[in-house]
Amino acid sequence: MRWVCGVTAVEDCLKFILECRTSQVYGIFESKTGGMVGIVSIGRRKDSAASGWFSGWIRSDKGKKGYFSDSGTLAIRQAFRKYGMHRLYARIDPNNRPARKALQKLGFRYEGCLRRDKLLHGLWINQECWGLLKSEWKNKA
Ligand SMILES: CC(C)(COP(=O)(O)OP(=O)(O)OC[C@H]1O[C@@H](n2cnc3c(N)ncnc32)[C@H](O)[C@@H]1OP(=O)(O)O)[C@@H](O)C(=O)NCCC(=O)NCCS
């Protein structure tokens, strides 16, 4: 995937797993097959426990089935209700149209663009910022 970098060896994967300890990572499993189709995760910002990042991915052969919308809704509920967060944010590549649509569907709003914010494969790329406040979260069911 274009936006994945720095993961080339087993050590990189172990580093990723260790980092997962500081966040909540939920596996998404298909009820029909029992197979894993992706993850959704939330993590607290170091400088503000009430604010956290939101992220996830779905296997490319399992896209557009509503898995991210369903699991994302559950994760957001956990963040706002169980972990007492008041704000979630996500950063995406401006060219990532599926992610933009998926975040919008979950209620996230566009907050701006960080220009040349991230180094990816030797190039500085822009990052779109998306945010969701507990107070504006509609899907409270
Ligand atoms: C973005 C991503 C998580 C969406 O997962 P998904 O399970 O396919 O999403 P859903 O099925 O819940 O769809 C949510 C919305 O996005 C739209 N969408 C999903 N994939 C799309 C695509 N390839 N092109 C256009 N729209 C797309 C869906 O149509 C739906 O909108 P709608 O109900 O108005 O039609 C998945 O494509 C992915 O893993 N991408 C790579 C990782 C990534 O970008 N993660 C986002 C980080 S926040």
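Place a point 7 Å from Cα of SER60 in the direction of its Cβ. Which residues in the stretch 90-110 have their backbone N less than 16 Å from it? Correct set: 96-99.
For the options LEU103, LEU88, LEU14, a Gaussian network treatment of the chain with springs between C-alpha atoms closer than 10 Å singles out LEU14 as fluctuating the most. Straight-line cross-link partners of LYS105 among the lysines, defined as a Cα under 25 Å from its Cα and at least 8 positions apart when in the same chain: LYS32, LYS62, LYS64, LYS65, LYS82, LYS134, LYS138, LYS140. The C-alpha atoms of the chain occupy a region whose extents along the principal axes are 43, 39, 29 Å, arranged from largest to smallest.
Within the chain, the longest run free of trypsin sites (Lys or Arg not before Pro) that sit in a DSSP loop with at most 16 other Cβ atoms within 10 Å is 66-137.
Modelled spin labels at GLN78 and SER31, positioned 7 Å past Cα toward Cβ, are 1.9 nm from each other.
No value in this document is a laboratory result; all are computed from the given coordinates. Owing to the predicted nature of the structure, the values given are computational and were not obtained by experimental measurement. Note that we place each Cβ from the backbone using ideal geometry, even for glycine, and neighbour counts take in every protein chain shown.
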